[in-house]
Amino acid sequence: MKQLLGLIGYPLSHSFSKEYFRRKFEQEGISGYTYELFPLEKITSLPALLEQHPQLAGLNVTIPHKVAVLPYLQHLDETAAAIGAVNTIKISNGILSGYNTDAWGFSASLRPLLQPWHKKALILGTGGASKAVLHVLRSLGIDPLFVSRQPGNGQITYSQLDGAFIRDYPLIINTTPLGTFPDTESCPEILYNELSERNLLYDLVYNPAETLFLKKGKERGAAAINGMEMLRLQAEKAWEIWTKET
């Protein structure tokens, strides 16, 4: 029987993960695994999913469950524990172990693009993905500031985000789902007319390849990258975790 891998989250209509692993298995001649999508609106459905599919060997975790899944895990690796969010689960002998490969993928894809003036960064959104971004930025010595719809400690609201912030925090990372297919006409509410060639816009969204957030940035001369390379890198790290002998 083939070992089963999959993705949990909700909704999953935008996901490339199943196609990514289908191609990987085909191109690399891997026959012992299959990958499926498991749309879970509520994380409380996870135990039933595990019972229904006893051949599950690993899961990817996406919005909105990266934090909510924590109580269902028996083990957290050091990075996932530090971040407080999980996007990869290894299942072995009934034990669910949580990892965060988002941090690996984000760091490896961001580092080649950084310029000497990218010393401060705005993180748009405060969900599970933003926790991995925060961890990486701190490890790179980049001063982060959260932007959210709600005020709070260590963050500002979109209404407070004026031109001075855009200039002072030239690296801007969108960790929200805004702009994700099929809602491609939405984008974070920042002052795009204040952007310049000194700005680097990173969108964790990868479908579509060019979100409205990135398009508006490019129109102002900003450098821009979507989440596809991060997706590829985190997926390969997840595969390494799932298949490594323990």
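The values are calculated or read from the model by the stated rules, or taken from the named source; none is laboratory data. For clarity, every value in this text was computed on a predicted model and none was experimentally measured. Positions of Cβ are generated from backbone atoms using ideal geometry, with glycine treated the same way; all protein chains shown enter the neighbour counts. The protein model used for the area step is the full one, side chains on, heavy atoms only, and it has no ligands, DNA or RNA in it. Shrake-Rupley method; radii C 1.70, N 1.55, O 1.52, S 1.80 Å.
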**Complete:** Expressed in angstrom and rounded, the centroid-to-centroid distance over alpha carbons for the range 143-191 and the range 52-79 is 28 Å
**Request:** Kindly provide the Kirkwood hydrodynamic radius of the range 104-229 in Å, to one decimal, from all pairs of distinct alpha carbon atoms.
**Result:** 14.3 Å
**Sequence ranges 98-106, 174-182, ranked by mean other-Cβ count within 10 angstrom, highest first** = 98-106, 174-182
**Request:** Return the long-range amide H neighbours of residue 179 (sequence gap of 5 or more, or a different chain), with a cut-off of under 5 Å between placed amide H atoms.
**Result:** 186
**Beta bridges by DSSP in the range 104-229, antiparallel share as percent, to the nearest 5** = 5 percent
**Request:** Give me the percent of the accessible area of the chain that comes from carbon and sulfur atoms, probe 1.4 Å, all protein chains in place.
**Result:** 51 percent
**Prompt:** Could you give me the ³J(HN,Hα) list for the range 103-117, computed from phi with Karplus coefficients 6.51, -1.76, 1.60 and θ = phi - 60°, whole Hz, x at Gly and Pro?
**Reply:** 4, 4, x, 5, 4, 5, 7, 7, 3, x, 9, 6, 10, x, 8
**Cα Rg, Dmax (largest Cα-Cα span) when computed across the chain, Å** = 18.3, 58
**Asked** Dipole of the chain, Cα-centred, from +1 at each Lys and Arg C-beta and -1 at each Asp and Glu C-beta, to the nearest 20 debye?
**Response** 220 debye
**Request:** With a probe of 1.4 Å, find how much accessible area the chain has per residue, and write the answer as a whole number in Å².
**Result:** 49 Å²
**Request:** Let me have the 222 nm mean residue ellipticity of the chain computed from DSSP H runs of 4+ only, each contributing -39500 (n - 2.57), with the sum over all residues rounded to the nearest 500.
**Result:** -8500 deg cm²/dmol
**Message:** Taking the Cα centroid of the range 1-42 and of the range 194-246, what is the distance between the two, rounded to the nearest whole Å?
**Reply:** 20 Å
**Diffusion constant of the range 74-136 at 25 °C, which comes from Stokes-Einstein with the Kirkwood Cα-pair radius and 0.890 mPa s, µm²/s** = 191 µm²/s
**Length-normalised contact order of the chain in % [C-alpha pairs under 8 Å, at least 6 apart]** = 15 percent
